[in-house]
Amino acid sequence: MTPAELSRTVLHTVQCAVEAEELPAAVPTRVTVRVPPRPGCGDFATNVALRVAQDTGRPAREIAEVLRKRLAAEPGIARVDIAGPGFLNITLEGTSYVQLVRDVLSAPPAAAPLPLPGPGPALLAGLGSDAARWSLLWPAGFDRAELLVQRDSNPLFRVRYAHARTQGLLRNARDLGFHSEAAEPAEYEDTAAAPLLAALADHPRVTAARDPERLARHLDRTAGAFLTWQADRSVLPRGDEKPSAVHRARLALAEATGNVLADGLHQLGITAPAHL
């Protein structure tokens, strides 16, 4: 379930609650869902109960409970929790994540490169094309010389390295005679994979905004989530181990990550290396 699909589901839930006279309120024209800022708060969160409360005068947590019961019964949603004054934290089922990975793997490239101002000759001469373009997207005060260093503190290196790592895993899997397959829901319910899956789910919304700086931050978050996940989970068989459904599912997640990183870098006019 993508963020857009989840937004439509939440909006439909509000409409149904109003029609059933559980909520005497006007239905919002649109509903937004966000990736929570901290782990352990579900996959997505929405403030729709707080918005509806403004129209009814009823406590937001009371409205949130009405919506929680309805949302929890929707296909693809595993759990809904109420947080704070009335936020709804939504956890998706693993089967929804399987479909998410499949959707990412089958998605065409998002769009043509974003219109960015060209870096000046001095930047090009000092940094090269890729680093020069990235330097225009990162917050002021960042040491541009850091973009030439291959280490984790360099966000451009982190993103390009993560992409190269996904391609290396795919090459090694081919050598071992197996391919990716998103078909293991339990593997995607692993808490270690949650930040990465949330980042992949967020990619269509970020690219639709056509904001280069926001896209750069999103790619850095995706790369960081991938590198953390693959450091803790073996994507390829080890030793005499035979490739299993778990390995194929993890490889599918790595491949989907590579697709997202390559797509984002392409939109920024930056190369996505297969080797680094």
Quiz item: For labels at residue 274 and residue 12 in the simple 7 Å Cα→Cβ model, what's the distance in nm?
Solution: 4.1
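Relative contact order of segment 1-131, please, whole-number percent, based on alpha carbon pairs below 8 angstrom and at least 6 residues apart.
21
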Practice problem: Sticking with the crude label model, points 7 Å out along Cα→Cβ, report the distance from residue 26 to residue 145 in nm, one decimal please. | Solution: 5.8
Quiz prompt | the chain: most fluctuating residue of 154, 172, 47 per GNM, C-alpha cutoff 10 Å | solution = 172
Exercise. Please state, as a whole number in µm²/s, the translational diffusion coefficient that the Stokes-Einstein equation yields for segment 170-276 at 10 °C and 1.306 mPa s, with Rh defined as the Kirkwood radius across alpha carbon pairs.
Key: 109
Quiz item: Sorting 143, 263 by accessible area (1.4 Å probe), largest first, what list results?
Solution: 143, 263
Quiz item: Given springs between every Cα pair under 10 Å in a Gaussian network model of the chain, which of 141, 264, 128 has the largest fluctuation?
Solution: 141
Quiz item: So, with a 1.4 angstrom probe, what is the percent of accessible area on the chain that is carbon and sulfur?
Solution: 52
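With a 1.4 Å probe and all protein chains kept in place, how do 133, 174, 233 rank by accessible area, largest first?
I get 174, 233, 133, largest accessible area first.
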Practice problem: Mind checking the full-extension length gain between residue 244 and residue 34? Use 0.36 nm per residue of separation minus the Cα-Cα distance, one decimal, nm. | Solution: 72.2 nm
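With the other protein chains left in place, how much accessible area per residue, in square angstrom, belongs to segment 116-206 at a 1.4 angstrom probe?
Ligands and nucleic acids excluded, the result is 47 Å² per residue.
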Quiz prompt | Förster radius 41 Å - calculated FRET efficiency between residue 73 and residue 172 (Cβ-Cβ, nearest 0.05) | solution = 0.45
Practice problem: Take every Cα pair under 8 Å in the chain that's 6+ residues apart, average their separations, divide by the length, and report that relative contact order as a whole percent. | Solution: 21
Self-check item: Net charge over other residues, Cβ less than 11 angstrom from the Cβ of residue 135 (K, R count +1; D, E count -1)
Solution: -1
Self-check item: 222 nm mean residue ellipticity, helices alone, for the chain (DSSP H n ≥ 4; -39,500 (n - 2.57); rounded to 500)
Solution: -17500 deg cm²/dmol
Practice problem: Once you've got the GNM for the chain with C-alpha springs shorter than 10 Å, pick whichever of 100, 67, 148 has the biggest mean-square fluctuation. | Solution: 148
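The values are calculated or read from the model by the stated rules, or taken from the named source; none is laboratory data. The model shown is predicted, which means the values in this text are computed figures rather than measured ones. Cβ atoms come from the backbone with ideal geometry, glycine included; neighbour counts cover every protein chain shown. Each accessible area value is taken on the protein alone, full model and side chains, heavy atoms only, with ligands, DNA and RNA left out. Shrake-Rupley method; radii C 1.70, N 1.55, O 1.52, S 1.80 Å.
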